[in-house]
């Protein structure tokens with residue numbers, strides 16, 4: 001757990017909208033209109049250097065040392081896993097969709113819980129430029145999937 005935290009803070013009002021996000025990476029949807037009009041909304045995307053594990057009951061659905069921690073104003077921090085580090089073969093695509101004015105349109109993954117197919121995670125196939133780092137990465141619902149640093153579960 002003693003890994004150094006590498007952090008990049010995004011303050012939407014400070015970004016040059018209409019231009020590519022830092023490092024020239026675009027999320028596919030262009031700049032966020034909501035972010036452009038928001039004075040104080042911020043998102044912090046961090047790479048912690050730790051190995052994160054997502055447990056669906058006793059089943060390890062994800063493990064990654066490349067996961068990203070996203071902290072958004074007004075919300076609890078969320079861990080986003082690279083899709084290559086998630087056992088999507090154990091999940092089912094869901095029909096659920098939603099929209100975040102700061103990140104984009106979300107798609108969902110479901111799993112069988114107590115015999116019912118239940119949404120357990122989401123991802124943004126394409127994002128607004130300001131959060132391009134999480135495009136395709138998968139996050140899980142607190143309470144349905146336990147996400148922790150691996151040394152706390154190993």
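What follows draws every value from the coordinates through simple rules; no lab data is involved. Everything numeric in this text was worked out from a predicted model, so none of it was measured. We place every Cβ from the backbone using ideal geometry, glycine too, and count neighbours over all the protein chains shown.
Note on the range 79-154: Cα convex hull, mean projected area over all directions, 5.8 nm². Percent of alpha carbon pairs in the range 29-90 separated by more than 19 Å? That fraction is 47 percent.
Which residues in the range 48-89 have a backbone N closer than 11 Å to a point placed 7 Å from the Cα of residue 116 along the Cα-to-Cβ line? Correct set: none at all.
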